[in-house]
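Got a structure for you, written out below as structure tokens; questions coming shortly.
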Amino acid sequence: MAIVKMKFVEASTDEAHRDAMLLQGMNSGLLDVTPADQIVTDENGGQMISQDNPFADYKQTLQNFAHAVGFTFDETKKPSRTYTKEEIESFLSGLNETFGINSDSAEVILTPDDEKALAALSECGFEKIHACRYLNFGFGRMPRESFPKLSAYRDVNFVHHRLHDTKQYIWMVYVTSDSYADQVANIFKSLYFEPMEIPNVDVHRLLHEYEDKLNDLWAYCSQENEIISRYKYISVFDKKQVLSGFVTADSVEKYKETYKDLPVEFTVKDPEEVPQLQCPTLLKNNWFARPFELYVDMYSMPAYGDFDPTFFLAITYCILFGIMFGDMGQGIVLMLIGFLFEKKGRLFGIIGRVGITSTIMGFLFGSLFGYEDALNPLHQKLFHVREKLFDVMANSNTMTLLGGALLVGAVLIACSMIINIVNNIRHKKWGEVWFSQNGVAGIFFYTYVVLAAGGYLTGAYNLLLAPFVVLFVIVPVFCFLMKEPLTNLISHKPVKPAEGWGGYMTQNVFEVLEILLSFVTNSMSYLRVGGFVLSHAGMMLVVMTLVKMTGNAGPVVLVIGNAFVMVLEGLVVGIQALRLEYYEMFSRYYTGGGRKFAA
């Protein structure tokens, strides 16, 4: 329905409060921030902040460490203090040494079962194990079927202890003296023992001791990395640190309130005062049209201050879908599905709304889950007809249906032209208003051709008279051909085309032929509306035939058949209706090119 009004706001403070202003402003959820390189120019004397960011490397080092030891950072924690670079680097350099992590062990990935076995072994104390001077320890896992074979080596000087087991493996530790280490290792190797390294320290115990420091340092590095990475949005003018961006007009005061604890000054401007910047677009539509913003966004957002096509798209899309998918029962199902799951996404909102028009058109067509006679008594009572209001499957109604589809298309094309004329009047593009194929000349030409063709085919009237042909055909075609010179004429510019009359006429004769052909092809595109009405009715006829043929299984076939038609036909009809919106209507009045508001 409308595009939300915007304001351009500049918040400025001193260098001491810059970081706090930056964080509070960008985390407010109200500001569509503008990068400093779009603000600073050679003429205004502004500067941008150029600063190295070591905190990104610090974060990566902490992440690598956490991955190696299986530690998870608390992302909700706030830093309790500030750290100097020297403190951070000193802590990081000693971290791997303290935990006994080297480049090789850091690549080892332990399974949950490995972790359980290590946890059992840690009760002995990893430091104590490595401190033994004359004993040799081996830790790892062995296939379960190999474990009983250890009894054959009772005479060898070693002992073993089971730590953990699964259906496939047994984890164990064995102890022997240095003198027998090689012999015992070969025995275990022959039993397919898979050795694992015993850590130098108990990582879990150390992590518990280091947990608070790690989380605090992670929070600080994350905060500083976020701040420095956002310095690209700060411009500097006379030592003033400036954060610029767009805010909705009705939230300017709320945005200012964000900085209530900081010494921040504000400059508020209208978007027209900063023409070098592209003002973002935020759409505001009513309950019915809001989900269809999805389709507008898919095509292209309207430029700020331009026309929002969402409401017109919502109405026309629902009408086209409802006509092509006319079944009262299936329409009700679409409504229920759409409105029940609307919070899951805008697509469900669209499904619910097209379900409304499908229900209405299904009632007018007298179709209820494929039963074409179910609504006949109601039609006879309400509309005083012999059977029902309109039988789409009757041969006598086929041409009426296709002719109605063409008429619907003609009306929508004419409406698109009218919207284009209004838009161009707003932007004072008078050449487009008067002389283009989607302007006044175009709508006169197209309306006359449609009415004249209708009168000729029905024999009700005759508009093929010389005065009408001259006024509504020859004159508009002349306008199409001479659009550029005529536009220059009313704009008080030289009438003669830059490429000369010969080149201009050669090129534009073919363009006019393309315009005339496009009127025909665009109109014929709407024949698909009538075609899909027949297609939908035909598919349901097949379903009802199968229901009658399957006897007692008929109700099951009816449900499955309706579900199949709803999914397949609904998808195809949805795509075709969207195609008509994009190619036959948007192409006439909508250019897009806007940027979506992103706070």
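Residue-wise, which Karplus ³J(HN,Hα) couplings in Hz belong to the stretch 128-145, taking 6.51 cos²θ - 1.76 cosθ + 1.60, θ = phi - 60°, and x for glycine or proline?
5, 4, 6, 7, 5, 8, 10, 10, 10, 10, x, 10, x, 10, 9, x, 4, 5
May I pose another question? Grab the beta carbon distance between Ile560 and Leu206, set R0 = 51 Å, and tell me the FRET efficiency rounded to 0.05.
Calculated transfer efficiency: 0.25.
Consider a paramagnetic label point 7 Å from the Cα of Gln278 along Cα→Cβ; state which residues of the stretch 12-53 have an amide N under 16 Å from it.
Hits in the stretch 12-53 for Gln278 at 16 Å: 32-39.
In degrees from 0 to 90, rounded to the nearest 10, what is the angle of the helix 398-426 Cα long axis to the longest principal axis of the chain?
With rounding to tens, the tilt is 80 degrees.
Next question. Return the FRET efficiency for the residue pair Leu457, Phe383: r is the Cβ-Cβ distance, R0 is 25 Å, and the value is rounded to the nearest 0.05.
Step by step, r from the Cβ atoms, then E = 0.40.
Hey, another quick one. Across 5 Å bins from the origin, how do the percents of Cα pairs in the stretch 26-87 run, short distances first?
Using 5 Å bins, I get a P(r) of 3, 11, 11, 16, 16, 14, 13, 9, 4, 2, 1 for the stretch 26-87.
Okay, moving on. Helix 440-458: angle to the longest alpha-carbon principal axis of the chain, degrees 0 to 90, nearest 10?
Approximately 60 degrees, to the nearest ten.
If you count only protein heavy atoms with a 1.4 Å probe, what accessible area per residue comes out for the stretch 449-599, rounded to a whole Å²?
For the stretch 449-599, the solvent-accessible area averages 56 Å² per residue.
Pairs of Cα atoms under 8 Å, at least six residues apart: use those to get the relative contact order of the chain, whole percent.
On the way: 805 pairs, mean separation 111.7, N = 599.
Relative contact order for the chain comes out at 19 percent.
For Ile170, what residues show an amide H to amide H distance below 5 Å, using hydrogens built from the backbone and excluding near sequence neighbours?
Sorted by chain and number, the residues that satisfy this are Met142, Arg144.
Also, quick follow-up: Using the scaling law 2.2 N^0.38 Å as the reference, what is the normalised Cα Rg of the chain?
Normalised by 2.2 N^0.38 Å, the Cα Rg of the chain equals 1.52.
Suppose every Lys and Arg Cβ carries +1 and every Asp and Glu Cβ carries -1, with no other charges. What dipole size does the chain come out with about its Cα centre, to the nearest 20 debye?
The dipole of the chain has a size of about 2460 debye.
Using Cα positions and a limit of under 12 Å, work out the aspartates and glutamates in reach of Lys496, with same-chain residues fewer than 8 apart set aside.
Correct list for Lys496: Glu484.
Just the Cα atoms of the stretch 248-297: what Rg and Dmax do they give in Å?
Every Cα atom of the stretch 248-297 included, Rg and Dmax give 15.5, 44 Å.
Still on this structure: Would you mind checking the pairs Lys284/Lys596; Lys77/Lys260; Lys77/Lys213; Lys77/Lys232; Lys429/Lys596 and listing those with alpha carbons more than 20 angstrom apart?
Lys77/Lys260; Lys77/Lys232; Lys429/Lys596
Explain nothing, just compute: Karplus ³J(HN,Hα) = 6.51 cos²θ - 1.76 cosθ + 1.60, θ = phi - 60°, for every residue of the stretch 511-527 in order, whole Hz, x for Gly and Pro.
With the stated coefficients, the stretch 511-527 comes to 5, 5, 4, 5, 5, 4, 5, 5, 4, 5, 5, 5, 5, 5, 4, 6, 4 Hz.
Let me ask something additional. Per the Kirkwood treatment, what hydrodynamic radius in Å, one decimal, follows for the stretch 276-413 from the mean inverse distance over all distinct Cα pairs?
Hydrodynamic radius (Kirkwood, Cα only) of the stretch 276-413 equals 16.8 Å.
Along the charge dipole of the stretch 214-255, which of Tyr220, Phe237, Val247 sits closest to the positive end, that is, farthest toward it, with unit charges on the beta carbon of Lys, Arg, Asp and Glu (+1, +1, -1, -1)?
Phe237
Two-decimal Rg/Rh of the stretch 498-566 from alpha-carbon positions, Kirkwood Rh?
Dividing the radius of gyration by the Kirkwood radius yields 1.55.
To continue, here is another question. What percentages make up the Cα-Cα pair-distance distribution of the stretch 227-346 when the bins are 5 Å wide from 0?
2, 8, 12, 15, 14, 11, 10, 9, 7, 6, 4, 2, 1, 0
Let me ask something else about it. For the chain, what % of the accessible area comes from carbon and sulfur atoms, probe 1.4 Å?
Carbon with sulfur: 60 percent of the solvent-accessible area.
Using mean Cβ contacts within 10 Å as the protection proxy, how do 556-568, 22-34, 360-372, 449-461 order, highest first?
360-372, 22-34, 556-568, 449-461
Continuing with this model, one more query. To the nearest 500 deg cm²/dmol, what mean residue ellipticity at 222 nm is calculated for the chain from DSSP H runs of n ≥ 4 alone, each contributing -39,500 (n - 2.57), summed and divided by the residues?
-16500 deg cm²/dmol
Using a basic spin-label model with each label point 7 Å from the Cα along Cα→Cβ, how many nm lie between Leu568 and Trp501?
In this crude label model, Leu568 to Trp501 measures out at 6.1 nm.
Report the gain in length on full extension from Lys232 to Val509: 0.36 nm times residue separation, minus Cα-Cα distance, nm rounded to one decimal.
Answer, rounded to one decimal: 94.6 nm.
Show the residues, 5+ positions off or on another chain, whose built amide H is closer than 5 Å to the amide H of Lys596.
Thr281
Starting from the Kirkwood radius over alpha-carbon pairs of the stretch 377-528, derive D by Stokes-Einstein at 10 °C in a medium of 1.306 mPa s and give it in µm² s⁻¹.
88 µm²/s
Still on this structure: Can you work out ³J(HN,Hα) from phi for every residue in the stretch 29-40, in order, using Karplus 6.51 cos²θ - 1.76 cosθ + 1.60 and θ = phi - 60°, giving whole Hz and x for Gly and Pro?
x, 10, 9, 8, 6, 9, x, 5, 5, 8, 9, 7
Put a dot 7 Å past each Cα toward the Cβ at Glu89 and Leu489; how far apart are the dots in nm?
Label at Leu489, label at Glu89, 7.7 nm between them.
The values are calculated or read from the model by the stated rules, or taken from the named source; none is laboratory data. What you see is a predicted model; the values in this text were computed from it and never measured. Using ideal geometry, Cβ is built from the backbone for each residue, glycine included, and neighbour counts are taken over all protein chains shown. Side chains included, ligands, DNA and RNA excluded: accessible areas come from the protein's heavy atoms. Shrake-Rupley method; radii C 1.70, N 1.55, O 1.52, S 1.80 Å.
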